[in-house]
Amino acid sequence: MLPVLIVFALGVANFALHKAVLESGHPMLKQMPWTGRGMGGRATLVMEFIVLLGALLLAATGFTGWGWVYAGYTAMNAFGAWLVLTKRI
């Protein structure tokens, strides 16, 4: 149960980071057609949900190693969001 709760908390953090980047108005987002600009970024949020759902299902079935993989994914997202939000790229 604890791995599922940890993955869920990481998922909440990923959604918050993702939404912050989408709302940042960074020029890089305007150059990428796959970000789903036409739908306000909802397409990428759906993709984020699918990744979270997969990680939750794997953690719930006992594959706790995937929780570590998702934690690494969250760390990379946090680093990327930091780069975008602080305008380092």
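What are the residues in the stretch 41-58 that are touching a Ser or Thr at 6+ places or on another chain (Cβ under 8 Å) and among the hydrophobic types (A, V, I, L, M, F, W, C), if any? Walk me through how you get there before you give the answer.
Keep residues of the stretch 41-58 that are touching a Ser or Thr at 6+ places or on another chain (Cβ under 8 Å), which gives 41, 43-44.
Matches in the stretch 41-58: Ala43 only.
Considering only the stretch 1-74, give the helices (runs of 4 or more DSSP H) lying wholly within it that have at least 3 residues that are loosely packed, with under 14 Cβ neighbours inside 10 Å and modelled with pLDDT of 90 or more.
Correct list: 2-23, 42-60.
Return the pair list, or none, for Cβ contacts closer than 7 Å from residues in the stretch 19-33 that are more than 14 Å from Lys87 (Cβ to Cβ) to residues that are in a loop (DSSP other than H, G, I, E, B) and modelled with pLDDT under 75, at least 6 apart or on different chains.
Pairs that qualify, where the first residue is more than 14 Å from Lys87 (Cβ to Cβ) and the partner is in a loop (DSSP other than H, G, I, E, B) and modelled with pLDDT under 75, are Leu22/Gly41.
The values are calculated or read from the model by the stated rules, or taken from the named source; none is laboratory data. From a predicted model like this one, the values you see are computed outputs, not experimental measurements. Here the Cβ is made from the backbone with ideal geometry for all residues, glycine too, and neighbour counts use every protein chain on show.
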